[in-house]
Amino acid sequence: MKTHLAIVTTVRDEKPFMDEWLLYHKMIGADHFFLYDDEPGLPLETFCAPHQNYVTVIPLHGWSKKLPGECRQNQAYTHALNQFLGKYKWVAFIDVDEFIVLRQHENLENFLLSLDKDTCAVSLRWRMFGHCGFYKDPKGLVTANLVRRKKETDARVKTISRCDSIVSFVSQHWAELKEGRRIEISDEIAHVNHYQCRSFGRHMARVDRGDCTFTGE
């Protein structure tokens, strides 16, 4: 029997937010996290030691050039698919500034069981949150401090897919499927809160941190 759901992501300069993000998604039903450490010094294995029972850290910084693919994020996703996801039924590829929000179900398993049997991927639209007046990173929980968002739901999505249906990664937002169909559901059922700008200073420093959607380090 396959374990129900894994989450895969690349991580750089996210340590202040990791505990909240991991524990939140563990509470709503994620079984395991595969974190690709894209930060110089590779600090995540030590930092995530308290979560070792449900977290696997894979070094990515300085290693991604050896992996096939057009960008480091897709390289990590492809590696996870080939090496780790065979025992999982579903996988979500989301970033640490993204939180899956379930509006009508208690947990991810119940949500995914509610889908039609021929659905092999479900896309959740973004709700975009700004810095809410914080120049520096807010103390405490991101989800408690950043409470104002853009009124309209963004057209962009993040996707949860059946692992055995994925062929390749079209982008960071969805995968090419070998069977079944991808649906996009109403944000009254589920959506992704995207805390893209957790503080003004952090947002302006993004250029110095680099971008894992490109090749190179």
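The values are calculated or read from the model by the stated rules, or taken from the named source; none is laboratory data. Remember, it's a predicted structure, so these values are computed and weren't measured experimentally. For neighbour counting, all protein chains shown are included, and Cβ atoms are generated from backbone atoms with ideal geometry for every residue, glycine included. The accessibility values were calculated without ligands, DNA or RNA, using every heavy atom of the protein model including side chains. Shrake-Rupley method; radii C 1.70, N 1.55, O 1.52, S 1.80 Å.
Summary table
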read-out	value
Odd one out for Val8 among (1) under 22 Å from Val170 (Cα atoms); (2) out of contact with any helix residue (DSSP H, G or I) (no Cβ under 6 Å at 6 or more places or on another chain)	(2)
Options His61, His51: the member that is farther than 23 Å from Arg162 by Cβ, of a type outside the set (S, T, N, Q), surrounded by 14 or more Cβ atoms within 10 Å (Cβ to Cβ) and at pLDDT 95 or above	His51
Any hit, region 70-86, residues being under 24 Å from Ser123 (Cα atoms) and assigned to a strand (DSSP E or B)	no
Top-ranked residue in region 123-177 [being touching a helix residue (DSSP H, G or I) at 6+ places or on another chain (Cβ under 8 Å), polar (S, T, N, Q) and outside any loop (DSSP other than H, G, I, E, B); ranked as modelled with the lowest pLDDT]	Thr143
Complete set of residues in region 128-152 that are surrounded by 15 or more Cβ atoms within 10 Å (Cβ to Cβ) and either of a type in the set (Val, Ile, Thr) or free of Cβ contacts under 8 Å to residues at least 24 places away in the same chain (or both)	Cys132, Val142, Thr143, Asn145
Test result for Glu184, among the charged types (D, E, K, R) and modelled with pLDDT under 90	no
Residue satisfying all of: in region 87-122; open to solvent by 30 Å² or more (accessible area, probe 1.4 Å) and in a helix (DSSP H, G or I); nearest to Val8 (Cα to Cα) among these	Lys87
Phe84, sole failed condition from (1) closer than 29 Å to Ser186 by Cβ; (2) modelled with pLDDT of 95 or more	(1)
Total residues in region 4-45, condition aliphatic (A, V, I, L, M), open to solvent by 10 Å² or more (accessible area, probe 1.4 Å), within 19 Å of Val91 (Cβ to Cβ) and part of a helix (DSSP H, G or I)	1
